[in-house]
1. Sort through Phe565, Phe510, Phe518 and tell me the only one that's open to solvent by 80 Å² or more (accessible area, probe 1.4 Å), at pLDDT 90 or above and either part of a helix (DSSP H, G or I) or on the phi < 0 side of the Ramachandran plot (or both).
2. Pick from Gly70, Gly56: which is more than 20 Å from Arg307 (Cα to Cα), in contact (Cβ under 8 Å) with a residue 60 or more places away in the chain and touching a Lys or Arg at 6+ places or on another chain (Cβ under 6 Å)?
3. Could you list all residues from segment 288-345 that are polar (S, T, N, Q), more than 30 Å from Lys508 (Cβ to Cβ) and open to solvent by less than 30 Å² (accessible area, probe 1.4 Å)?
4. Are any residues in segment 192-249 outside any helix (DSSP H, G or I) and open to solvent by 20 Å² or more (accessible area, probe 1.4 Å), and if so, which ones?
5. Taking segment 450-494 as the search range and keeping residues that are without any contact (Cβ under 8 Å) to a residue 40 or more places away in the chain, closer than 29 Å to Pro22 by Cβ and part of a helix (DSSP H, G or I), which one is least open to solvent (accessible area, probe 1.4 Å)?
6. Which ones in segment 356-390 are in a helix (DSSP H, G or I) and small (Gly, Ala, Ser)?
7. Against the conditions (1) touching a helix residue (DSSP H, G or I) at 6+ places or on another chain (Cβ under 7 Å); (2) open to solvent by 60 Å² or more (accessible area, probe 1.4 Å); (3) not small (Gly, Ala, Ser), where does Trp269 fall short? Just the number, please.
8. Condition (residue is within 14 Å of Met54 (Cβ to Cβ) and among the polar types (S, T, N, Q)) applied to segment 329-348: is it met by at least one residue?
Amino acid sequence: MAGGGGGGGAPAPKADEPQPHPPKDQLPNVSYCITSPPPWPEAILLGFQHYLVMLGTTVLIPTSLVPQMGGGNEEKAKVIQTLLFVAGINTLVQTLFGSRLPAVIGGSYTFVPTTISIILAGRFNDEPDPIEVCMTAILALNCAKLIHHSLAWLLYCIVNAGAKKFKKIMRATQGALIVASTLQIVLGFSGLWRNVARFLSPLSAVPLVSLVGFGLYELGFPGVAQCVEIGLPELVLLVFVSQFVPHVLHSGKHVFDRFSVLFTVAIVWLYAYILTVGGAYNHVKHKTQITCRTDRSGLVDAAPWIRVPYPFQWGAPSFDAGEAFAMMMASFVALVESSGAFIAVYRFASATPLPPSILSRGIGWQGVGILLSGLFGTGIGSSVSVENAGLLALTRVGSRRVVQISAGFMIFFSILGKFGAVFASIPPPIVAALYCLFFAYVGAGGLSFLQFCNLNSFRTKFVLGFSIFLGLSIPQYFNEYTAINGFGPVHTGARWFNDIVNVPFQSKAFVAGVIAYFLDNTLHKKESAIRKDRGKHWWDKYRSFKTDTRSEEFYSLPFNLNKYFPSV
């Protein structure tokens, strides 16, 4: 009879019954964790691999934005160099003084809608058309010698007129980023974000971290399909080399799974080059040539041999209150997304759960990174690179030193422009194929926190399912509405106000994370069993930096700085 027995307890499981896998505070089977670097030759190759992976976002965002700003290939090359240089500095600072996790800090897609909004601002619409201005100047001068060289002068005039408009827009984005950086700096260093993070449980972390990865699906296979004869071979080859080959060869040296990105990118890039020089794309559409050819980026010719990016290189920043508030909202969205990415990074680096004070410290230094983005003029803000977090999972190497070496490559190749431009000219479909694997790893990393939760609880099912569904559905509505109408559902005369409302609801991770956090901390919270259902008891001992000795091993500051900047 059910429930029988004098002791009233549950019967002991039989020896032959399948047992559940026990939850693990630290992810097992990681070859090198944060504090255990691989040998130097291997570390250098792994660092270069991280550099190659972060190049995708570093190149794709300026390639999209700079022409809209009025810039040409020269401006695009300089912005990529600047973004790469700032990313290297921010990554070093984050690994030394921030969260101390092996997290790459690079350009973020979250800031793109706000930057586009600044580009479309009314005060820049008054800029005269460069071609019209230059043609008028030629006709007005009516000089025979000038007319003789009119074509060359016209091109020179157009380039300079476009550069003038580009600098005005770039200075406006600089001012907005400088103001927006104060949000993360204040929330991070004041400890306010620490107080928010203390209420985060494994249950509410699942939708946030999962959609930090899965929510970027639009950058995956749709990018591969832009040139399927290049993107699809990269995707298939990457999966085959990283997942199947190591189990067939049994070498025990982890060569193919650890360096699969280097192998496959080199092979497919050479294949794309052969198609290009063989004339496969000579008579195709211009858009196809841009995505498929290896000689259409315009970066190698435009990039200088040696150039050191410097603050205010585009001129003094200009400030607009509305644009600053809009960029501040984008900064807040990036803050939430980066919190999820930090959680994924600690998991793949086989560290213990991130104490709230360390997460807050990392956010504060990320705010400093956004400040540097504004000072140097990258056009967008910074956040944790999701693709590099996925690379940690692929290689099973979570070493801090490897990511610091990758930061050295970022700075080195940003200064030596021609050499950096060669790697930056990798066709976008190859990058999109890498995204398919890395974003999937991060999404799966978020799902792995379900091991701490009670999945037999209907409360858990509701919080989990409702937040993930709305995290996908609400942004889909906002994105479709914008694509059809050319503006978001909130459409007033104040563009900055529209951005403040529309931008957050376009982020899948932000929507899912906020909904899950709210429901998890308000729904039937006082019932005694709820705490274990949420998995909160697993993270309780990490609420403070000092309650677990392993936290000091992974997250303590170098040079004995903890004495002056204690983590509580």
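The values are calculated or read from the model by the stated rules, or taken from the named source; none is laboratory data. Bear in mind that the values here come from a model prediction, so they are computed numbers and not experimental data. Heads up, the Cβs are rebuilt from the backbone with ideal geometry, glycines too, and the neighbour counts pull from every protein chain shown. Note: accessible area is taken over every heavy atom of the protein model, side chains too, but ligands, DNA and RNA are not part of it. Shrake-Rupley method; radii C 1.70, N 1.55, O 1.52, S 1.80 Å.
1. Working: Phe565 fails: at pLDDT 90 or above; Phe510 fails: open to solvent by 80 Å² or more (accessible area, probe 1.4 Å).
Sole residue among the options that is open to solvent by 80 Å² or more (accessible area, probe 1.4 Å), at pLDDT 90 or above and either part of a helix (DSSP H, G or I) or on the phi < 0 side of the Ramachandran plot (or both): Phe518.
2. Working: Gly56 fails: touching a Lys or Arg at 6+ places or on another chain (Cβ under 6 Å).
Selected residue: Gly70, the only one of Gly70, Gly56 that is more than 20 Å from Arg307 (Cα to Cα), in contact (Cβ under 8 Å) with a residue 60 or more places away in the chain and touching a Lys or Arg at 6+ places or on another chain (Cβ under 6 Å).
3. Residues of segment 288-345 polar (S, T, N, Q): 288-289, 291, 294, 297, 313, 318, 331, 338-339.
From the residues that got through so far, the ones that are more than 30 Å from Lys508 (Cβ to Cβ) too are 289, 294, 313, 318.
Within segment 288-345, Gln289, Thr294, Gln313 meet the criteria.
4. Initial filter on segment 192-249 (outside any helix (DSSP H, G or I)): 198-201, 215-216, 220.
Arg198, Phe199, Leu200, Leu216 - these are the residues of segment 192-249 that are outside any helix (DSSP H, G or I) and open to solvent by 20 Å² or more (accessible area, probe 1.4 Å).
5. Start the filter on segment 450-494 by keeping residues that are without any contact (Cβ under 8 Å) to a residue 40 or more places away in the chain, which leaves 455-456, 458, 461, 465, 469, 473-474, 476-493.
From what's left, closer than 29 Å to Pro22 by Cβ: 455-456, 458, 461, 465.
From what's left, part of a helix (DSSP H, G or I): 458, 461, 465.
On the way: Phe458: 170, Lys461: 97, Gly465: 38 Å².
Per the criteria, the residue is Gly465.
6. Start the filter on segment 356-390 by keeping residues that are in a helix (DSSP H, G or I), which leaves 356-376, 386-390.
Correct list: Ser357, Ser360, Gly362, Gly364, Gly367, Gly369, Ser373, Gly374, Ala389, Gly390.
7. With respect to (1) touching a helix residue (DSSP H, G or I) at 6+ places or on another chain (Cβ under 7 Å); (2) open to solvent by 60 Å² or more (accessible area, probe 1.4 Å); (3) not small (Gly, Ala, Ser), Trp269 is out only on (2).
8. Let us first name the residues in segment 329-348 that are within 14 Å of Met54 (Cβ to Cβ), namely 341, 345.
Filter again for among the polar types (S, T, N, Q), leaving none.
Among the residues of segment 329-348, not one is within 14 Å of Met54 (Cβ to Cβ) and among the polar types (S, T, N, Q), which makes the answer no.
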